[in-house]
1. In nm, what is the difference between 0.36 nm times the number of residues separating ARG148 and GLU28 and their Cα-Cα distance?
2. Need the full-extension length gain, ASN101 to GLN86, defined as separation in residues times 0.36 nm minus the C-alpha distance. One decimal, nm.
3. Binning at 10 Å from 0, report for segment 118-257 what percent of all alpha-carbon pair distances ends up in each bin.
4. Report the net charge of residues surrounding PRO117, where surrounding means a beta-carbon distance below 10 angstrom and charges are Lys +1, Arg +1, Asp -1, Glu -1.
5. Taking amide H atoms as placed 1.01 Å from N in the peptide plane, list the residues 5 or more away in sequence, or in a different chain, whose amide H sits under 5 Å from that of GLU263.
6. Provide the descending list of Cα extents for segment 102-152 along its principal axes, expressed in whole angstroms.
7. Largest first, please: the extent of the C-alpha atoms of the chain along each principal axis, to the nearest Å.
8. Between rounded, prolate and oblate, where does segment 224-289 land on the alpha carbon gyration tensor, with a ≥ b ≥ c its root eigenvalues, rounded for a/c under 1.5, else prolate if a/b exceeds b/c?
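Only the coordinates and a few stated rules stand behind these numbers; no lab work does. On a predicted model such as this, the values are computed, not experimentally measured, just so you know. A quick note on method: Cβ atoms are made from the backbone with ideal geometry, for glycine too, and the neighbour counts reach across all protein chains shown.
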Amino acid sequence: MITAAQQQAQRNRGTIFVEDGEVLRRDEFAGRQYIMRIRAPKCAAAAKPGSFAHLSCDDSLPMRRPMSIMRAEEDWIEVLFKIVGQGLSLLARKRPGDTINVLGPIGRPFERHRERPRLLLIGGGVGIPPMVFVADILRAAIGPGSVRWQPLAILGSEIPFPFAPAPSALPVPGIDASMPGTTPATMPLLEGWGVPARLASLAGFEGCFDGYVTDLADRYLTTLDRSELEGSEILACGPTPMLKAVAALAASYEIPCQVSLEEYMACAVGGCAGCTVQLETPEGPAMKRVCVDGPVFDAASVVW
């Protein structure tokens, strides 16, 4: 009899690729943060919002590091990372032209539900990339058309953001009214795509909401009527305490929420089961692997 784990492994066959990628671009930001563009055509072609790549950091270090994919075009992917430890320090030394071995894309991505087009994208720190990827996928279907997606991104950081915030010209009435006398700042990339975004921080950055992302999200959600809430869904990625708070916020408004969990990973393909989390399933409590059973889960099912 084939077990559930074996069935999942069979579904992953032919969808995860190993290839030598070439560093195309490396941008450094305050707080020891980096955005790296890597030519990896196989991974790029199959990547979806929420999936990640397992990257080799250096020939001297056998263990890879998992990175959420922020963007994926025809032959390249982009990742955002902050130096924490030896591996990412070595990765940050890579320059255009250098080779990085890429294993990916891996993981269960975010799902979009047409009956809930009002998407609230909440990203914290290095949890920002999947939200950017979702916005990138949606931007061609925003506004008039067969599906009128209405995304709003709320991004948070307690260190300088990995981009240069700029004043927003896209109004968000439910939020801007709570920030009187302030020109709201946004992520220019999302602004250019027509996706409104607002920034939150306790660090006192200009144009940012003074508080947590959940505080700002709460102010927005409280302005929606029942029909608008029934058409809403939250997608989130960030530190576990933030995701726990987002899950509680979604439950209080009775709207669905998907979260992309962050966990330490060794193999990242389901073999070692070192990244398991406890979920409540119809069959009862179960341990699931973040790498291949996730990283995206229904927030209501996670045992926080």
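1. Working: separation 120, 0.36 × 120 = 43.20 nm, distance 3.55 nm.
That pair, ARG148 and GLU28, stretches by 39.7 nm at full extension.
2. Numbers: separation 15, 0.36 × 15 = 5.40 nm, distance 1.73 nm.
My answer for the length gained is 3.7 nm.
3. The distribution over segment 118-257 is 12, 47, 36, 5, 0, given as percents.
4. Working: positive: ARG112, ARG114, ARG116, ARG118, ARG148; negative: GLU115, GLU233.
Result for the neighbourhood of PRO117: +3.
5. Sorted by chain and number, the residues that satisfy this come to none at all.
6. 37, 22, 17
7. 52, 48, 37
8. Values: a/c = 2.91, a/b = 2.03, b/c = 1.43.
It is prolate, given that a/c is not under 1.5 and a/b is the larger ratio.
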